[in-house]
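Asker: Structure in structure tokens, see below.
Only the coordinates and a few stated rules stand behind these numbers; no lab work does. Not measured: the values here are computed from a predicted model. A quick note on method: Cβ atoms are made from the backbone with ideal geometry, for glycine too, and the neighbour counts reach across all protein chains shown.
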């Protein structure tokens, strides 16, 4: 295996083979199984396995930790969907919509502990480093989610606030995935930190790209309705970047954001974004973080050949997929 | 220190001195600080410290794990209060009532990871044993909560079902507290298992006692309104024990449980419980589990003197405090 899609297919199979308790505990574990079967790119566990492989060629020892990372990611989706009142996830009812809020809370809690258990199934030699990385990352993810929720009612969110939030909410998990994989593979502390930096920068590029696709993406491949962020008054990179500028566009956008949600608002704000040059600013930011990811990767002791699949991830995740 | 109250006062001080992040993260950490300052007997962390002390006289090495156990316990309270829609906790608004449901979910999640971090601050020599015990316990607590919720809508809950639920929801945490303390103190695997058994049996005795106090307790010291379980149609030890008997009382209780909530229902059902001899059955069960706790304690390698404070906990927690 050396491509992301190979690892992704492998982890998909591992996830499919997990057997959850049944009987009287079906009401606790069935929603977990449901959430874990939802598919997706499995980018985080794949990155973990790939990192383990690159440093030590022992991906099987990293398999459980990879499952743990994916369990953690899906736990956050269960709880985030409750908090955001999102009833749809990957084209299916979210867990609280399919069952109820209590189920999403409790099965989510269970997933967090199952994730921690899976993460702990690593060799003794790296247990402390791995569990510490995992816990630190988890705290950052909660802090990022809290900031994201607080942004909704705040009128003075800056681009820097946004970047901190994304680093916590999205970057930390990709960074931890790469770092934990490297640690299990036996990487030096220096290499592990550089891989973490690679994942973090990849996460920032990826999230800004996601914000960009939400406005300028192709409706047939994006998976969510285009303009959702505009209609939800989300403090996206595009909006904050537009508002940080002086000039008539910023004033006009501020006014247009007060429109009621609907296609008219999306069209108007999108046009103003274009006039304000926001799309170009976004692409520049994505390029900048992609470059930082690649620079961190290059600073590791990995050979150019070993770095190649990681380089392809950056290209794939942040390429212009309009 | 050798009495529960000494340890309890000590851990209270440790908890009071914890500094939580502020600034933009106040909205995440203030509810945690609020929940952790609510007081209570601090029985679980005290038991952990006491066990560490008894086996190795190094309670300071166990302090962080004790904080972790209390963080975990309070995390479950935050989420349970959301699931049970309980707006009051220890005479104050619960977190979701004082803030909102999203805050209770997210600050609760944060507490679980903070708990895991604290639990991991133990010597390397026992890290794996301790974290494994903690995670296994956490899973049992969620399973117990799920069973408890499912009991609400089930008509055929047996006494055995109830005991399994209580062992998971209440016993496992007391058992893990005693076991983790023993492990940090350097106890043998045999001693650690016996201490866990002691905590588990203590938990069962304690919960049945709590059910008994809910009906027969002294309103001035119980802390909750007497008869709450009857009004909430809770499958308590008393109700399940009464219904498991043949005879006219069981039939009458089944009918009386259909009454609307109120003092009339409480009085009627209480009188029927008395006629059915349920109070005595309860006391017998409490005595039986207390004895099992003491037997497990006696089977450890601890001296009679070292066992004494643990014996006093059993006496104190399960004594007839009508």
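Asker: With N set to the number of residues, divide the alpha-carbon radius of gyration of the protein assembly as shown by 2.2 N^0.38 Å and report two decimals.
Answerer: Details: Rg = 27.1 Å, N = 644, 2.2 N^0.38 = 25.7 Å.
It is 1.06.
Asker: Hey, another quick one. How high is the relative contact order of segment B:192-322? Use alpha-carbon pairs under 8 Å, at least six apart in sequence, and give a whole percent.
Answerer: Values: 140 pairs, mean separation 48.2, N = 131.
After rounding, I find 37 percent.
Asker: By per-residue mean of other Cβ atoms within 10 Å, what is the highest-first order of A:265-277, A:234-246? Display every interim value, and only then the final one.
Answerer: Details: A:265-277: 17.9, A:234-246: 19.9.
Per-residue mean Cβ counts within 10 Å order the peptides as A:234-246, A:265-277.
Asker: Hey, in the GNM for chain A with a 10 angstrom Cα cutoff, which one of A:172, A:138, A:66 fluctuates hardest?
Answerer: A:138
Asker: Tell me the distances, shortest first, between residue A:248 and the same position across the other copies, using label points 7 Å along Cα→Cβ, in nm to one decimal.
Answerer: The answer, with the shortest distance listed first, is 9.3 nm.
Asker: Can you give the mean number of other chain Cβ atoms that lie within 10 Å of the Cβ atoms in peptide B:111-118?
Answerer: On the way: counts 1, 6, 11, 4, 1, 8, 7, 1.
Per residue, the average neighbour count from other chains is 5.
Asker: What distance in nm separates the two pseudo spin-label positions at residue B:124 and residue B:287, each 7 Å out from Cα along the beta-carbon direction?
Answerer: 5.2 nm
Asker: So what is the 222 nm mean residue ellipticity for the protein assembly as shown from helices alone, if each DSSP H run of at least 4 adds -39500 (n - 2.57) and you divide by all residues, rounding to the nearest 500 deg cm²/dmol? Working shown, then result.
Answerer: Details: 34 runs with 474 residues, N = 644.
Roughly -23500 deg cm²/dmol at 222 nm, from the helical runs in the protein assembly as shown.
Asker: Roughly what angle does helix B:304-318 make with the longest principal axis of chain B, taking Cα atoms, 0 to 90 degrees, to the nearest 10?
Answerer: 40 degrees
Asker: Let me ask something else about it. Arranged from highest to lowest average of other beta-carbon atoms within 10 Å per residue, in what order do the peptides A:10-21, A:35-46 appear?
Answerer: On the way: A:10-21: 14.2, A:35-46: 19.5.
Peptide ranking by packing, descending: A:35-46, A:10-21.
Asker: Pick from A:77, A:163, A:25: which is most flexible by mean-square fluctuation in a GNM of chain A where alpha carbon atoms under 10 Å apart are linked?
Answerer: Comparing A:77, A:163, A:25 in the GNM, the peak value goes to A:25.
Asker: Per residue of B:134-140, what is the mean number of Cβ atoms on other protein chains within 10 angstrom of that residue's Cβ? Walk me through the intermediate numbers first.
Answerer: On the way: counts 4, 8, 2, 1, 7, 7, 0.
Averaged over the peptide's residues, the number is 4.
Asker: Next up: Pick from B:289, B:142, B:198 the residue whose mean-square fluctuation is largest in a GNM of chain B, springs joining Cα atoms under 10 Å.
Answerer: It is B:142.
Asker: Does segment A:188-322 classify as rounded, prolate or oblate by the C-alpha gyration tensor (a ≥ b ≥ c root eigenvalues; a/c under 1.5 gives rounded; else a/b over b/c gives prolate, otherwise oblate)?
Answerer: On the way: a/c = 3.09, a/b = 2.27, b/c = 1.36.
Since a/c reaches 1.5 and a/b is larger than b/c, the shape of segment A:188-322 is classed as prolate.
Asker: Now for a different question. By how many degrees, between 0 and 90 and to the nearest 10, does the Cα long axis of helix A:189-216 differ from the longest principal axis of chain A?
Answerer: The answer is roughly 40 degrees.
Asker: Within a 10 angstrom radius of each residue's Cβ in B:143-149, how many Cβ atoms of other chains show up on average? Whole number is fine. Provide the component values of the computation, followed by the final result.
Answerer: Details: counts 7, 0, 6, 11, 4, 0, 5.
Mean partner-chain Cβ count within 10 Å for B:143-149: 5.
Asker: Work out, step by step, the length gained on full extension between residue A:255 and residue A:92: first 0.36 nm times the residue separation, then minus their alpha carbon distance; give nm to one decimal.
Answerer: Between residue A:255 and residue A:92, full extension yields an extra 55.2 nm.
Asker: Let me understand segment A:1-157 better: what is its radius of gyration from the alpha carbons, and its Dmax, in angstrom?
Answerer: 16.4, 51
Asker: Could you check the spin-label model distance between residue A:271 and residue B:136? Points 7 Å from the Cα along Cα→Cβ, value in nm.
Answerer: So the label points at residue A:271 and residue B:136 sit 6.6 nm apart.
Asker: Which whole-angstrom value gives the distance between the alpha carbon centres of segment B:194-229 and segment A:2-52?
Answerer: If we compute the Cα centre of each part, the gap is 41 Å.
Asker: I would also like to ask the following. How far is helix B:278-298 tilted, in degrees, relative to the longest principal axis of the Cα atoms in chain B, given as a value from 0 to 90 rounded to the nearest 10?
Answerer: Approximately 20 degrees, to the nearest 10.
Asker: Could I ask something else about it? Between the label point of residue A:158 and that of the same position in each other copy, find the distances and list them shortest first in nm, with every label point placed 7 Å from Cα along the Cα-to-C-beta direction.
Answerer: 6.6
Asker: May I ask you to compute the full-extension gain from residue A:280 to residue A:26, defined as 0.36 nm times their residue separation minus their alpha-carbon distance, rounded to one decimal in nm?
Answerer: Details: separation 254, 0.36 × 254 = 91.44 nm, distance 5.00 nm.
The span from residue A:280 to residue A:26 would gain 86.4 nm if fully extended.
Asker: Oh, and also: Placing a label point 7 Å from Cα toward Cβ, how far apart in nm is residue B:303 from its equivalents in the other copies, listed shortest first to one decimal?
Answerer: 6.5
Asker: Now for a different question. When every alpha-carbon pair in chain A is counted, what percent end up more than 34 Å apart?
Answerer: Working: 12650 of 51681 pairs.
When all Cα pairs of chain A are counted, 24 percent exceed 34 Å.
Asker: Need one number: nm distance between label points at residue A:41 and residue B:315, each 7 Å from Cα along Cα→Cβ, rounded to one decimal.
Answerer: About 6.5 nm separates the two model spin labels.
Asker: Here's another thing I want to ask about it. Given contacts defined as C-alpha pairs under 8 Å and at least six residues apart, what's the relative contact order of chain A, whole-number percent? Write out the running numbers ahead of the final one.
Answerer: On the way: 460 pairs, mean separation 53.7, N = 322.
Computed over chain A, the figure is 17 percent.
Asker: Another question about this same structure. So, R0 is 22 Å and r is the distance between the beta-carbons of residue A:5 and residue A:295; what FRET efficiency does that work out to, to 0.05? Mind showing how you got there, number by number?
Answerer: Working: r = 25 Å, r/R0 = 1.14.
It comes to 0.30.
Asker: Just how far, in whole angstrom, is segment A:137-171 from segment B:125-163 if you go by their alpha carbon centroids?
Answerer: Using only Cα atoms to place each centre, the spacing works out to 34 Å.
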